[in-house]
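Scroll down for the structure; my scribbles are underneath it.
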Amino acid sequence: MKIVFMGTPDFAVASLDALLQAEFDVVAVVTAADKPAGRGQKLSESAVKKYAVAKGIPVLQPLKLKDPAFIEDLKAFKADLQVVVAFRMLPEVVWNMPPKGTINLHASLLPQYRGAAPINHVIINGEKESGVTTFFLKHEIDTGDIIFSDSVAITDDESAGSLHDKLMDLGAHLLVRTVKAIEANDYNEVPQPASDELKMAPKIFKEFCKIDWNQPSQTVYNHIRGLSPYPTAFTTFNDKALKIFGAVLEEKEPGISAGAFLTDGKTFLKFAAKDGFLKVTDIQYEGKKRMLIEEFLRGMRL
């Protein structure tokens, strides 16, 4: 069975590696075009491209997925199945091409948390469980028939970064199981239930990352965890942006206005929320490197 793999970030590399380890025939990889990055604006390759090149797998990097030249190149690989992990939305001419269809690995327990940022939103919303789902692509994004899913508990101090790594590994295993089932024609497709009460996971923009200290302390804590390490929650501190990667929840009445802070100038800095404190532990002040709070306070006059 010939497979074309489509993906871009590190999350997708684990799945591609798992397919190769399971000795599937990945005949080509489709990934994002190289992009300028850093101060020197040198072209940066996606994590999937770097891995594919190292393994000698042909790489396609279309700017437009409906480009006739790309469509012809893709057809030439005569894939039986296409596998999508952390890529962009595909046009029907692409996802409908292989005889066995196109499957997607999504980092949530579908139908909940459809969208671009499921790992972030599931923590922001205070969920206790997440997971991964494989499904067949169709017109509406993340709505195709489910093949398999697997779940994992979310700990009270889970960050988006740690959940990302859990789901990356869990998803790679689930994907191999899914492809084996498709190869053996031994699976049942389950339609996703329709509901008006589904929680969504839309793309996150900068304004969403700004902390609202008037919210309950648990809500703020979830917000910080769900955006760490990227794109990162932030607040304004001495008229500059302060990114907060880590914090400890102190559930006691603050006695000061929301957004105000307390510090001993040496070991702690904590901000008041509506009903408690968030003691920040891992931060990045505008114009500075990321550092632990003790290091920050040593070089800061408050």
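Could you give me the residue pairs with C-beta distances under 8 Å whose first residue belongs to segment 242-254 and is modelled with pLDDT of 95 or more, whose second residue is surrounded by fewer than 18 Cβ atoms within 10 Å (Cβ to Cβ) and in a loop (DSSP other than H, G, I, E, B) wherever it lies, and which are 6+ apart or on separate chains?
L242/E286; F245/P229
Against the condition assigned to a strand (DSSP E or B), aliphatic (A, V, I, L, M) and within 14 Å of the chain's Cα centre (by Cα), how does L163 come out, does it pass?
Considered against the rule, which asks whether it is assigned to a strand (DSSP E or B), aliphatic (A, V, I, L, M) and within 14 Å of the chain's Cα centre (by Cα), L163 comes out as no.
Kindly indicate the residue of segment 103-138 that is part of a strand (DSSP E or B) and touching a residue at least 60 places away in the same chain (Cβ under 8 Å) and also farthest from the chain's Cα centre (by Cα) among those meeting that condition.
Applying the filter and picking the extreme gives I103.
For segment 16-52, enumerate the residues that are modelled with pLDDT of 95 or more, more than 24 Å from I71 (Cα to Cα) and either open to solvent by less than 10 Å² (accessible area, probe 1.4 Å) or in contact with a strand residue (DSSP E or B) (Cβ under 9 Å, 6 or more places away or on another chain) (or both).
Within segment 16-52, just L20 meets the criteria.
Out of V280, V248, which single residue is β-branched (V, I, T), assigned to a strand (DSSP E or B) and buried (at least 19 other Cβ atoms within 10 Å of the Cβ)?
V280
Taking only segment 64-87 into account, find how many residues are without any contact (Cβ under 8 Å) to a residue 40 or more places away in the chain and not aliphatic (A, V, I, L, M).
Summing the residues that are without any contact (Cβ under 8 Å) to a residue 40 or more places away in the chain and not aliphatic (A, V, I, L, M) in segment 64-87 gives 8.
For E294, state whether it is under 25 Å from P118 (Cβ atoms) and either in a strand (DSSP E or B) or not aliphatic (A, V, I, L, M) (or both).
Answer is no for this residue.
The values are calculated or read from the model by the stated rules, or taken from the named source; none is laboratory data. Predicted, not measured: the structure shown is a model, and the values here were computed from it. Cβ sites come from the backbone with ideal geometry, for glycine too, and all protein chains shown count toward neighbours. Heads up: the accessible areas ignore ligands, DNA and RNA and are worked out on the full protein's heavy atoms, side chains in. Shrake-Rupley method; radii C 1.70, N 1.55, O 1.52, S 1.80 Å.
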